[in-house]
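The values are calculated or read from the model by the stated rules, or taken from the named source; none is laboratory data. Please read these numbers as outputs of a predicted model, since none were measured by experiment. With ideal geometry, Cβ positions are generated from the backbone for all residues, glycine too; neighbour counts draw on all protein chains shown. What goes into the accessible areas is simple: the full protein's heavy atoms, side chains included, and nothing from ligands, DNA or RNA. Shrake-Rupley method; radii C 1.70, N 1.55, O 1.52, S 1.80 Å.
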Amino acid sequence: MKFSSKIEKCTQSPMRKFHPFAVEAEKRGIRIYHLNIGQPDVKTPPQFFEAVKNFSQPVLEYAPSPGLPVLIEAIRGYYDKLDVSLEPGNIYVTTGGSEALAITLQCILDNGDEIIIPEPFYPNYNTMTNTTGGVVHPIPTDVHHGYRYADKDLIEAQINEKTRAIMVTTPGNPTGVVLSRDEMEMIVDIAVKHDLFLICDEAYREYFFEGDRLQTFGEFIDKAPENIIITDTVSKRFSACGARIGCLISKNKEFMAHALKYCQARLSVATLDQIASAALYDVGPEYFAEVRAEYKKRRDTLCRKLREIPGIVFDVPGGAFYLMAALPVDNAEKFQQWLLEEFDDNGETVMFAPGGPMYAAPGKGKNEVRMAYVLECDKIERAIDILKKAIEVYNSKS
């Protein structure tokens, strides 16, 4: 039987690819420290569950395809506090931020069209682009320069007649890179100059470790209303990944009219999750201050421990809860499988996400990994002690 050439270009998620090996390791009694998936361990605010308990409608109906008004108004109120003025028609509720990204790419890319993305990037961007027939054109970066890419000449050098969009995420996944306001405006200006869409993945907006104010490309949406598309989600902001509630934001009326076709085709987003997620927007700034402080403490713990490993290369991330590093091993994927199948330290081992699939350029990231610091500090310390010992044993066998 024949399968789509588009899906055959896609690879498995590096965050989840090694799950079967982890299951087998756990069957053998091995404890695994999971640094591979960005699943926060922070408690979901109780407002979410209270809203579920208080739900009393006799029929669980379809929600409107664009989203429930109560959630759209909650999102509008949130952005209003960021001095971003939106109308209800500028916002569609989606099944997580992932669907917002997928709908966007389906609307703007044809076969052979290119989207410019700094690498390394969230690997599902590749899958979403490939299934449209589009192509990821990477902005090259490297670990020795902290994965920085906000350089006008570097970005413009990637633009050609096939380019349709630029996609950025700040704070970044997997690198933790945070753009300054000036860098954000520079990228907006490039998009306007070259008549390109600018897709802004802002899933980690609240989690930055320098400065004292939230930043969003929404600040520039009236400067570039036809260009800017923002994707957002409650997943990481409120530690509510299982709710699968995100949103798609744009003032480009033609784009939103096309996006609505996809929203209608999938009928609606889960009604109860929308109602519960609307309640999350009542959470006050003290919640984010506390969680941000916790992630900063974990980041600092991770960086301190990684400095104890000879030959490792990394930069201190400015936000999100990820760190990208080059390990002193020949192949991160082979090393990860070995960690699960052959190695343990007193019955314990560690998982990370291999970096190769986070690049579009062939052969890059072979010895790089993404670590999610979503564990408490004592567990992070133990995980990196295991990693240090594992690297020594692995290289002694090579």
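Any idea which of (1) assigned to a helix (DSSP H, G or I); (2) crowded, with 18+ Cβ neighbours inside 10 Å; (3) among the β-branched types (Val, Ile, Thr) is the one Ile116 doesn't satisfy?
(1)
Between Ser250, Ser239, Ser235, which is crowded, with 21+ Cβ neighbours inside 10 Å and on the phi > 0 side of the Ramachandran plot?
Ser239
What is the one condition in (1) modelled with pLDDT of 95 or more; (2) closer than 28 Å to Val136 by Cα; (3) out of contact with any helix residue (DSSP H, G or I) (no Cβ under 7 Å at 6 or more places or on another chain) that Gly347 does not satisfy?
If we test Gly347 against (1) modelled with pLDDT of 95 or more; (2) closer than 28 Å to Val136 by Cα; (3) out of contact with any helix residue (DSSP H, G or I) (no Cβ under 7 Å at 6 or more places or on another chain), just (2) comes out false.
Farther than 19 Å from Leu280 by Cα, surrounded by 13 or more Cβ atoms within 10 Å (Cβ to Cβ) and either more than 21 Å from the chain's Cα centre (by Cα) or touching a residue at least 60 places away in the same chain (Cβ under 8 Å) (or both): which single residue out of Leu82, Leu60, Leu35, Leu71 fits that description?
Leu35
Residues are listed down the side, and each one gets a yes or a no for (1) under 29 Å from Ala74 (Cβ atoms); (2) of a type in the set (Asp, Glu):
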| position | (1), (2) |
| --- | --- |
| Thr131 | no, no |
| Ala157 | no, no |
| Asp212 | yes, yes |
| Ile221 | yes, no |
| Thr233 | yes, no |
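Give the residues of the range 208-242 that are in a helix (DSSP H, G or I) and out of contact with any strand residue (DSSP E or B) (no Cβ under 9 Å at 6 or more places or on another chain), sorted by residue number.
Correct list: Glu219, Gly242.
Out of all the residues in the range 121-128, is one or more in a helix (DSSP H, G or I) and touching a helix residue (DSSP H, G or I) at 6+ places or on another chain (Cβ under 6 Å)?
yes
Condition check ((1) at pLDDT below 95; (2) β-branched (Val, Ile, Thr); (3) under 17 Å from the mean Cα position of the chain (by Cα)) across all residues:
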| position | (1), (2), (3) |
| --- | --- |
| Val135 | no, yes, no |
| Ile155 | no, yes, no |
| Lys162 | no, no, no |
| Gly176 | no, no, yes |
| Met186 | no, no, no |
| Lys193 | no, no, no |
| Arg205 | no, no, yes |
| Phe238 | no, no, yes |
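Determine, yes or no, whether Val329 is modelled with pLDDT of 95 or more, outside any loop (DSSP other than H, G, I, E, B) and not polar (S, T, N, Q).
When the stated conditions are applied, Val329 does not pass them.
Looking at Thr271, is it at pLDDT 95 or above, open to solvent by less than 60 Å² (accessible area, probe 1.4 Å), more than 26 Å from Ala51 (Cβ to Cβ) and of a type in the set (Ser, Thr, Tyr)?
So Thr271 does not fit the description; no.
Can you find even one residue in the range 341-353 that is part of a helix (DSSP H, G or I) and crowded, with 18+ Cβ neighbours inside 10 Å?
No, the conditions are met nowhere in the range 341-353.
Show the residue pairs that are 6+ apart or on different chains and have beta-carbon atoms under 6 Å apart, the first residue being within the range 137-156 and closer than 24 Å to Cys303 by Cα, the second being open to solvent by less than 40 Å² (accessible area, probe 1.4 Å) and not β-branched (Val, Ile, Thr).
Listed pairs, sorted by first residue: Thr141/Pro118; Thr141/Tyr147; Thr141/Tyr149; Val143/Ala326; Tyr149/Pro118; Ala150/Leu179.
What pairs come up if the first residue lies in the range 186-199 and is open to solvent by less than 60 Å² (accessible area, probe 1.4 Å), the second is acidic (Asp, Glu), and their beta carbons are under 7 Å apart, counting only those six or more places apart or on different chains?
So the pair list comes out as Ile190/Glu156.
Do you know which of the residues in the range 119-134 that are open to solvent by less than 10 Å² (accessible area, probe 1.4 Å) and without any contact (Cβ under 8 Å) to a residue 40 or more places away in the chain is farthest from Val369 (Cα to Cα)?
Gly134
Which ones in the range 85-97 are surrounded by 20 or more Cβ atoms within 10 Å (Cβ to Cβ) and assigned to a helix (DSSP H, G or I)?
Asn90, Gly96, Gly97
For residues that are over 19 Å from the mean Cα position of the chain (by Cα) and either surrounded by 12 or more Cβ atoms within 10 Å (Cβ to Cβ) or of a type outside the set (D, E, K, R) (or both), tally how many sit in the range 38-49.
Residues meeting the conditions: 5.
Residue-by-condition table, conditions (1) touching a residue at least 40 places away in the same chain (Cβ under 8 Å); (2) under 19 Å from Glu87 (Cα atoms):
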| residue | (1), (2) |
| --- | --- |
| Met184 | no, no |
| Phe209 | yes, no |
| Ile229 | yes, yes |
| Val234 | yes, no |
